[in-house]
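Trainee: Attaching a single structure in structure tokens format; questions to follow.
The values are calculated or read from the model by the stated rules, or taken from the named source; none is laboratory data. Everything quoted here is computed from the prediction, not taken from an experiment. Neighbour counts run over all protein chains shown; Cβ positions are idealised from the backbone, glycine included. When the accessible area is computed, the model is the full protein with side chains, heavy atoms only, and any ligands, DNA or RNA have been set aside. Shrake-Rupley method; radii C 1.70, N 1.55, O 1.52, S 1.80 Å.
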Amino acid sequence: MRKVLDWSGTRSQHHVPLEHACAGCALREDAVPAIAELVDAEVEAVLLALPLGAEILPATRQLAGEMEPGGRLFGARLGLAVTATSSPGLAEQLGDGDDDLVSQLVAADIVLLAGTEPTGRDLADALRSPFSTLVPDLCEPWVLEAIAGQHDVEDLTERCDPVTGGPGHGFVCVDSADGVDIAASGVWRIELASERPFHPERLLALMAHLAPDTTTSRGVFWLANRPDTACGWEATGGTVLVGVAGPWEEAEPVTRLDVIGHGDAGRAPWRHVRRAFERALVTDEELADPASWLGRTDPLALYLGDPADLYRT
């Protein structure tokens, strides 16, 4: 169902049958024509509310394309992308593996955060973009800021790319030791990085130790048996997603995970994560003979596909 509201109430409401239930199809087949009607009617601003779980980047990329010459929204301008959540319960959502929430926090230009629960506040701060604005009071005039701003699709594409993306905004750090930043709430963050690749069998065996259910991590890695392939890593609530990000091209291969955790900071859980990271890397001796990796059974082929797919068009 598509509903259009203005300050006076419901402007229109329609049940629109769609060929597919995905958010991208709904945006293309229904939302864009509805926005085009409003643009033609010279409505000053349109706030598009995406379905829960919808990713920001595909939506803003499609809208930006429609605003190019010849597009159905030509003449319109793309304001800032906004996501809303609450600090109470945010840790539980992440613990339940809500990767949609992580994606929205990473991609949003403005993060509306209801509530003042310290752990949730620090987790939102650690995950959101360094270029985003955190609005802790929903009564603030965030709508005016969103309308006046300009969303940068190219910048968001780089931030969402595992190869070019970096760590989030961060939080107010009260302790920094052993390469770990720790907030007063107990939220902590550590960046694990190496020029060496992961060993495919050991990576698979150690995934649960690399991504405990009280952590959220994002990054990029390479494998000794796939030297040309940049692989993306996302883990939330103990659920790990890996995939092929593309070739390294001009970038130097690197294995890098930005890990954010909460709870039990006094027992230093990051030490177990760091130990698993180091164990999963290939040793210098294993890396010294590249030919030894050729023709070996690939335990990650189920998740990453055939290495030859990287060169197919």
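Trainee: Could you tell me which numbered condition Ala34 fails, if it satisfies all but one of (1) open to solvent by less than 60 Å² (accessible area, probe 1.4 Å); (2) closer than 25 Å to Leu144 by Cβ; (3) modelled with pLDDT under 80; (4) touching a Lys or Arg at 6+ places or on another chain (Cβ under 7 Å)?
Mentor: (3)
Trainee: Could you figure out which of (1) modelled with pLDDT under 90; (2) more than 19 Å from the chain's Cα centre (by Cα) isn't true of Gly53?
Mentor: Among (1) modelled with pLDDT under 90; (2) more than 19 Å from the chain's Cα centre (by Cα), Gly53 violates only (2).
Trainee: Hey, another quick one. Could you tell me which numbered condition Leu127 fails, if it satisfies all but one of (1) of a type outside the set (D, E, K, R); (2) open to solvent by 20 Å² or more (accessible area, probe 1.4 Å); (3) touching a residue at least 12 places away in the same chain (Cβ under 8 Å)?
Mentor: Just one mismatch for Leu127, condition (2).
Trainee: Do you know which residues across region 106-118 are crowded, with 19+ Cβ neighbours inside 10 Å and in contact (Cβ under 8 Å) with a residue 60 or more places away in the chain?
Mentor: Passing the criteria: only Val106.
Trainee: Restricting the first residue to region 135-154 and requiring it to be open to solvent by 80 Å² or more (accessible area, probe 1.4 Å), which pairs with a second residue that is among the aliphatic types (A, V, I, L, M) meet a Cβ separation below 8 Å and a spacing of at least six or different chains?
Mentor: Leu138/Ala84; Leu138/Leu112; Leu138/Ala114; Gln150/Leu78; Gln150/Leu80
Trainee: When you go through Pro269, Pro227 one by one, which is the residue that is modelled with pLDDT under 95 and in contact with a helix residue (DSSP H, G or I) (Cβ under 9 Å, 6 or more places away or on another chain)?
Mentor: Only one candidate qualifies: Pro227.
Trainee: Here is a further query. I'd like the residue in region 240-253 that is of a type outside the set (A, V, I, L, M, F, W, C) and more than 14 Å from the chain's Cα centre (by Cα) and, out of all such residues, is most open to solvent (accessible area, probe 1.4 Å).
Mentor: Taking the candidates together, the pick is Glu250.
Trainee: Read through the list (1) open to solvent by less than 60 Å² (accessible area, probe 1.4 Å); (2) modelled with pLDDT under 90, then give the number of the only condition that Gly97 fails.
Mentor: (2)
Trainee: Asp298: open to solvent by 50 Å² or more (accessible area, probe 1.4 Å) and farther than 30 Å from Ser176 by Cα, yes or no?
Mentor: So Asp298 fails the test.
Trainee: Sort through Ala76, Ala49 and tell me the only one that's outside any helix (DSSP H, G or I) and either without any contact (Cβ under 8 Å) to a residue 24 or more places away in the chain or closer than 20 Å to His169 by Cα (or both).
Mentor: After applying the criteria, what remains is Ala49.
Trainee: Now, a different point. Scan Arg256, Arg218, Arg267, Arg275 and give me the residue that is under 30 Å from Val174 (Cβ atoms), out of contact with any Pro (no Cβ under 8 Å at 6 or more places or on another chain), basic (Lys, Arg) and open to solvent by less than 70 Å² (accessible area, probe 1.4 Å).
Mentor: Arg256
Trainee: Quick check on Glu191: is it within 27 Å of Asp125 (Cβ to Cβ) and open to solvent by 10 Å² or more (accessible area, probe 1.4 Å)?
Mentor: Spelling it out, Glu191 is indeed within 27 Å of Asp125 (Cβ to Cβ) and open to solvent by 10 Å² or more (accessible area, probe 1.4 Å).
Trainee: Which of the strands (runs of 3 or more DSSP E) contained wholly in region 194-313 include at least 3 residues that are among the polar types (S, T, N, Q) and touching a residue at least 12 places away in the same chain (Cβ under 8 Å)?
Mentor: Fully inside region 194-313 and qualifying: 215-223.
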